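A.B. asks: I'd like to ask you about the structure that follows.
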Amino acid sequence: MIEAGPTPVPPPVADAAWAAMKDKQVIVEQGDKPAIRGKLIAHQGTHAVVQQPDGSVASISKSDATGLKSADAAAPKPPDPPPATTSTKPKDDWEWHKLGLFTFHGVAYSRWRTPNYASGRASYNLDAGVGFNFGPRFGVYALLGGAVGTKIQKKTVKANYGHFALSFLVRRKFVAFIPGIGLAISSRKGPGDQQIQETGVAIPVKLMGLIPIKKSGKIEGLHVTIGIGYDLAIMAETRPFNSIALQVGVARF
């Protein structure tokens, strides 16, 4: 029967290894004895001194140490922090310009209601605006436009209407709502040589769908528009004036 040879003794921990771990958290292995964990505070001479987590101090004979390693490397990795909560607020990622311009054109039905008659007929409706956009969703505009070329009262009266208003752009990505308030001007000629001019308060409202025009695959803030324009006005004799139009146009918001 062949007897097993003696168990090899691990080489002692080199002095350079003790010096490299000075003032660090270490694990000192001692063969069959329990390993010592703590901060290596001294290693001169034949013994090393380790301050353990509970505050007690252990003196270890260097000849008993079979291994020395960093406790930091053996420590478990802390879990990753939870992801930051993202905001649910919609992001305005479409293109927009500070200087805004638009022009709308279309066919309207315009109606004057006066003390002598109430009559309406088709008219040509046009609007133009220029303004400043404070952001992609809101702007302030000067609006000039109206309804022209209307022949009312059995085509015996030629009537035109105009407005000059301060308007407000409230926009979403594919929709623009433009209400306003300002000065209304109306002129009616006929029957015969009779001519009436009057002024009052105008309340123009536009609701437009926006179709973006792309250039080189990017939206440049230019849109084709299609929607409805409505005018309400209260003037000296005409109470009220109404006009509703289907309009198309071009806008740069």
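A.B. asks: Compute the whole-percent fraction of alpha carbon pairs in the chain spaced more than 27 Å apart.
C.D. replies: Looking at the chain, the distances longer than 27 Å represent 62 percent of pairs.
A.B. asks: Suppose a student asked you for the relative contact order of the chain, using Cα pairs under 8 Å spaced at least 6 residues apart; what percent would you report?
C.D. replies: The normalised contact order for the chain reaches 14 percent.
A.B. asks: Mind checking which of D54, D231, D127 has the largest fluctuation in a GNM of the chain, springs on alpha carbons under 10 Å?
C.D. replies: Checking each option, the largest mean-square fluctuation is seen for D54.
A.B. asks: Moving on to the next point. Enter the Cα centre distance for the pair the stretch 109-143 and the stretch 147-209, rounded to the nearest angstrom.
C.D. replies: 5
A.B. asks: Could you work out the helix-only [θ] at 222 nm for the chain, with each DSSP H run of four or more residues adding -39,500 (n - 2.57) and the total divided by the number of residues, to the nearest 500 deg cm²/dmol?
C.D. replies: -1000 deg cm²/dmol
A.B. asks: For Cα pairs less than 8 Å apart in space and 6+ apart in sequence, what is the mean separation divided by the residue count of the stretch 13-61, i.e. the relative contact order in percent?
C.D. replies: 25
A.B. asks: Let a ≥ b ≥ c be the square roots of the eigenvalues of the Cα gyration tensor of the stretch 15-74; is it rounded (a/c under 1.5), or, if not, prolate (a/b larger than b/c) or oblate?
C.D. replies: Since a/c stays below 1.5, the shape of the stretch 15-74 is classed as rounded.
A.B. asks: Counting other C-beta atoms within 10 Å, and keeping those with at most 12, which DSSP coil trypsin sites (Lys or Arg not before Pro) do you find in the stretch 96-174?
C.D. replies: Answer by residue number: K98, K154, K155.
A.B. asks: Next question, about the same structure. Cβ neighbours within 10 Å, averaged per peptide: list 14-27, 238-251 in order, most packed at the top.
C.D. replies: 238-251, 14-27
A.B. asks: Name the residues of the stretch 20-37 whose amide N is less than 17 Å from a point 7 angstrom out from the Cα of S63 along the C-beta direction?
C.D. replies: Under 17 Å, as judged by backbone N against the label point of S63, lie 30-33 of the stretch 20-37.
A.B. asks: Taking the Cβ of H163 as the center, what net charge do the other residues with Cβ under 14 Å away carry, scoring Lys and Arg +1 and Asp and Glu -1?
C.D. replies: Result for the local shell: -2.
A.B. asks: Among the listed pairs K158/K206; K98/K151; K151/K206; K98/K214; K151/K214, which are separated by more than 30 Å between their Cα atoms?
C.D. replies: K98/K151; K151/K214
A.B. asks: Just in the stretch 116-152: which chymotrypsin sites (Phe, Trp or Tyr not before Pro) are loop by DSSP and have at most 13 other Cβ atoms within 10 Å?
C.D. replies: Y117, F134
Laboratory data are not the source of any read-out in this text; all were calculated from the coordinates shown. Just so it is clear, the model here is predicted, and its values are computed rather than measured. So basically every Cβ, Gly included, is an ideal-geometry build from the backbone, and we count neighbours across all protein chains shown.
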